[in-house]
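So the structure is just underneath, and the comments pick up after that.
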Amino acid sequence: MSTIDGKIPGAHIRGFTLVELLIATVLSAVVFVGIFSAYLFMARNLGRLANNQRQQTQNRNALYYVAKDFGDATQVTVAGASTLTLATSTGTGITYAYSSSFKTLVRTTSPATQSLTLLSDLTAFTFIYYPKSGTTALTFAAGLIVNPATNVRRLEMRFTTAAGSSSNGTMSTVP
């Protein structure tokens, strides 16, 4: 039974007004945008962290090889800013060469000619040589150290690697 105005007695039907629905929709959108931006932030940081870890592993590996080979070498045969050649007591020659076009540091042994890429994504690289006594770096003549077999006693490598993409925020640079 209904009354003249069409309402059922005792039934109070309540709903949401349009303003309430709009406010709820806007608040939900703000929450979802916040969650999505936090997700993107964490994904970029995870990418940066993975790039940094890969670079640190490469750096440790390269330093291990260079330190071991330099310590085992009987003489330095070629000493340049981007090239280092060592002679060992077994007659094996070991060459480290930086390629600015490929952005890599490659270790090559001879006579077997085995190559191993130690560092990649290099943005800068140089070898610096020191005499046995003294802290002043040796100077180059025509791009090489003069008489490296007797002059070079210490070696320093300076390099910077950059991995990832700056456009998506995953760039990691390790000096």
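The values are calculated or read from the model by the stated rules, or taken from the named source; none is laboratory data. Computed from a predicted structure; not experimentally measured. Note: ideal-geometry Cβ built from the backbone for every residue, glycine included; neighbour counts use all protein chains shown. Only protein heavy atoms, including side chains, enter the accessible area calculation; ligands, DNA and RNA are left aside. Shrake-Rupley method; radii C 1.70, N 1.55, O 1.52, S 1.80 Å.
So here's what we get for this one:
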{"item": "Cα point-scatterer Debye curve for segment 111-175, base-10 log of I(q)/I(0) at q = 0.21 Å⁻¹", "result": "-0.93"}
{"item": "Cα-Cα separations in segment 26-99 greater than 18 Å, expressed as whole percent", "result": "62 percent"}
{"item": "Where only C-alpha atoms are counted, convex hull volume of the chain per residue in Å³", "result": "217 Å³"}
{"item": "Contour minus Cα-Cα distance for Glu156 and Arg44 (0.36 nm per residue)", "result": "37.0 nm"}
{"item": "Rounded to 10°, Cα long-axis angle of helix 18-72 versus longest principal axis of the chain", "result": "10 degrees"}
{"item": "Nonlocal amide H pairs with Leu118, under 5 Å, H built at 1.01 Å", "result": "Leu105, Val106, Arg107"}
{"item": "Simple spin-label estimate for Lys132 and Val106 in nanometres, 7 Å along Cα-Cβ", "result": "3.5 nm"}
{"item": "Whole-percent carbon and sulfur share, accessible surface of the chain, 1.4 Å", "result": "63 percent"}
{"item": "Simple Cβ-charge dipole of segment 23-170, Lys/Arg +1 and Asp/Glu -1, about Cα centre, in debye nearest 20", "result": "160 debye"}
